[in-house]
Amino acid sequence: MRVTDTDVVIVGAGPTGSLLASELCLTGVRPMVLERRATISDVPKAGGLGGQILHLLRYRGLLERLTALSPDPGPAPIFPFGGVHVDLSNLADPPLQAMVLAQQELERVLGDHASALGADVRRGHEVVAASQDDDAVSLEVRGPDGPYRVNSRYVVGCDGGRSRVRDLAGIPFPGNTYPEVNRLGQVTLPDSVTILDSGDLDVPGFGRVGAGFTRTGRGLLGLAASTESRVVSLYTIEDELAEYDDDLPLTPTELQDSIRRVLGAEIPLGEPIRLSRFTFQARQAQRYRAGRMLLAGDAAHLFPATGVALNAGMLDGVNLAWKLAADIAGWAPPDLLDIYHDERHFAATRTMLHTQAQVALRRGHDPAAQALRDLLQELLLDEQPARRIGAFISGADIRYPMPDHHPLTGTFAPDLTLHTDHGTTSLAKLMHPARPILLDLTDRPDLREIAQGWHDRIDIHTATTDHHPQADALLIRPDAHIAWAATADEPAAPTLREALSYWFGSPSATT
Ligand SMILES: Cc1cc2nc3c(=O)[nH]c(=O)nc-3n(C[C@H](O)[C@H](O)[C@H](O)COP(=O)(O)OP(=O)(O)OC[C@H]3O[C@@H](n4cnc5c(N)ncnc54)[C@H](O)[C@@H]3O)c2cc1C
């Protein structure tokens, strides 16, 4: 059997795997990406992208490629939250941004980007077996030209909810599968159905179907108008003990049958535009790392509510890439790869908290459950609860535990407009190469001198800013989380040295 040696194999070229691949390429590691499908699946999955990942994609200059295909991200308008609606549209500086974008388009852009940067993307190659020792993982792969073996220093399973890599690594995936099936159709309606100005429908032989959610004893029907004439979204949730394969498409007849069961009446449907079906699971891998095998994306977590999975998975990829690259380059401090588990497991636990709360809100059919939804809906009219939930959904509330205790450490670095000797720029632009940054905002030669010891690993920038970032110097990791911060009046040198060593290893030169 042919044998290839490489540094990193990524299994799966979905959104998580492709973004991880391009992030690794930016650090100089050229991963091999093994994807069992010959082409990108055309079964509709996510219809949009939201949360912190949009900022991160802008910090890499990638968002522009996506906005060429879809309108710019904007404040998420009304977001479903377990049968309740969170309306963030009136908030200044809204905590949740979102954009409309079909997952196939996202996968295409990310896959092309990874290939252009030098990733060895092999489509039609399925990983079927793996074993590991202290030095490498050995994979058996079934490719279009027959089986072959790859020996790799690390393997990352970005191979989705039914991850083979997770099984091969022996990592448990505990949690629940909820006995409910969600069917979603964007469809045109024939002229026999009247769409009223309120968004309600007048259905022949039945009468009025209200916009929003209608609960019946048999399930839940959602109806939302669209900006396109005679196009609506119809959504059903029914309790059902079936497990469907995400890759099997929903048919118009199946959607129509489900509406009939839930409503007790037929809504005539016209042409289908987009049809999808999903079941909800709440599962999280016990560990995101077993030796040289790691997990990211759906392979590591499945959440029981919509709109959060891509954000969580792609952020896993960005968090992992620079740590893996550090290990391969030989300068990673001990435990850096375990910190990947600590940070992203913690982040997914936060997402699990609000998505599981959504299950409890959504599934209750008795008056007490309705009272809970009504109460929450009322609370969400106030700004602070709405902000808090928006931050939860976007992941903006994540503050990783870190040794440095400044209030900013662990948080996501906001984009700052920066005035430098070379003109005006922004933090987002400085982060395009995915390198750590020491941002010196008060011209501190002592700090820059210390950071010189790590000049091969971090970029040092002196600038001023019109914003007030609560600190005058920031050490920012490639995933845009702040690793250290200080104000001008602090004796910052010792803590900066400690933070640099903690995150970026021993200095390469005496300072
Ligand atoms: C109908 C539907 C609607 C959704 N809507 C949303 C939404 O609105 N917002 C949101 O955030 N998320 C949504 N999701 C979830 C989202 O699609 C997933 O979270 C996302 O696809 C996960 O990306 P991933 O890269 O981690 O895994 P996947 O996209 O599952 O990619 C895994 C890849 O690994 C490949 N693979 C698997 N096994 C192997 C193997 N042994 N060897 C080689 N390759 C392998 C697969 O072919 C696949 O390409 C939706 C999902 C569905 C089904």
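The values are calculated or read from the model by the stated rules, or taken from the named source; none is laboratory data. Just so it is clear, the structure is predicted and the values come from calculations on it, not from any experiment. Glycine gets a Cβ as well: all are built from the backbone with ideal geometry, and neighbour counts include every protein chain shown. Remember, those area values only see protein heavy atoms, side chains included, never the ligands or the DNA or RNA. Shrake-Rupley method; radii C 1.70, N 1.55, O 1.52, S 1.80 Å.
What's the local net charge at residue 362, with K and R +1, D and E -1, over the other residues with C-beta under 11 Å away? Mind dumping the intermediate values first?
On the way: positive: 215, 363, 373; negative: 180.
Result for the neighbourhood of residue 362: +2.
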Rg [Å, one decimal], Dmax [Å, integer] - the stretch 178-280, C-alpha atoms: 13.0, 38
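Take the alpha-carbon positions of the stretch 254-364, form their convex hull, and give its projected area averaged over all directions (one quarter of the hull surface) in nm².
Details: hull surface 38.3 nm².
Over every viewing direction, the Cα hull of the stretch 254-364 projects on average to 9.6 nm².
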As a test, work out the antiparallel percent of DSSP beta bridges whose residues both lie in the stretch 417-504, rounded to the nearest 5. 80
Calculated on alpha-carbon atoms, Rg and Dmax of the stretch 121-209 in Å: 24.5, 69
Using only alpha carbon pairs under 8 Å that are at least six residues apart, calculate the relative contact order of the chain and give it in whole percent. 17
Could you state the accessible area per residue of the stretch 140-272 in Å², with a 1.4 Å probe and every protein chain left in place? 48
Here the longest stretch of the chain that holds no GluC sites (Glu not before Pro) in a DSSP loop having at most 12 other beta carbon atoms within 10 Å is 244-511
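For the chain, what are the DSSP H helices with axial Cα length of 27 Å or more and mean Kyte-Doolittle hydropathy of at least 1.6?
On the way: long enough: 309-329 (30 Å, 0.81); 336-363 (40 Å, -0.45).
Span-like helices here: none at all.
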Note the full-extension length gain between residue 120 and residue 244 as 0.36 nm times their separation in residues minus their Cα-Cα distance, in nm to one decimal. 41.4 nm
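Taking the solvent-accessible surface of protein heavy atoms with a 1.4 Å probe, what is the per residue accessible area of the stretch 355-497 in Å²?
47
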Over all directions, how big on average is the projection of the convex hull of the alpha-carbon atoms in the chain, in square nanometres? 25.6
Environment charge at residue 472 (Cβ cut-off 12 Å; Lys +1, Arg +1, Asp -1, Glu -1): -3
I need to check one value: relative contact order of the stretch 1-84, counting alpha carbon pairs closer than 8 Å and at least 6 residues apart, in percent. 21
Relative contact order of the stretch 121-256: what whole-number percent is it, with Cα pairs under 8 angstrom and at least 6 residues apart? 17
First compute the accessible area of the chain with a 1.4 Å probe, then give the percent of it belonging to carbon and sulfur atoms. 51
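Starting from 0.36 nm per residue, how many nanometres of slack lie between residue 177 and residue 383 once their C-alpha separation is accounted for? Could the numbers behind the result be given before it?
Values: separation 206, 0.36 × 206 = 74.16 nm, distance 3.36 nm.
Here the answer is 70.8 nm.
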What net charge do the residues around residue 450 carry, taking every other residue with its C-beta under 11 Å from that of residue 450, with Lys and Arg at +1 and Asp and Glu at -1? -1
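What number, rounded to the nearest 500 deg cm²/dmol, is the helix-based mean residue ellipticity at 222 nm of the chain, given -39500 (n - 2.57) per DSSP H run of at least four residues and division by all its residues? Mind dumping the intermediate values first?
On the way: 13 runs with 156 residues, N = 511.
So the calculated ellipticity at 222 nm is -9500 deg cm²/dmol.
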Go from 0 up to the bin containing the longest alpha carbon distance in the stretch 417-504, width 5 Å each, and give me the % of pairs per bin. 3, 14, 29, 28, 19, 6, 0
Give me, ordered by chain and number, the residues 5 or more places off residue 481 or on other chains with an amide H under 5 Å from its own placed amide H. 413
How do the peptides 308-318, 110-120 rank, highest first, by the average count of neighbouring beta carbon atoms within 10 Å per residue? 308-318, 110-120
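State the antiparallel share, in %, of DSSP beta bridges confined to the chain, rounding to the nearest 5. Please report the intermediate quantities before stating the final value.
Numbers: 76 of 99 bridges.
Bridges in the chain are about 75 percent antiparallel.
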Starting from the eigenvalues of the Cα gyration tensor, five times each then square-rooted, give me the equivalent ellipsoid semi-axes of the stretch 15-149, largest first, whole Å. 35, 17, 15
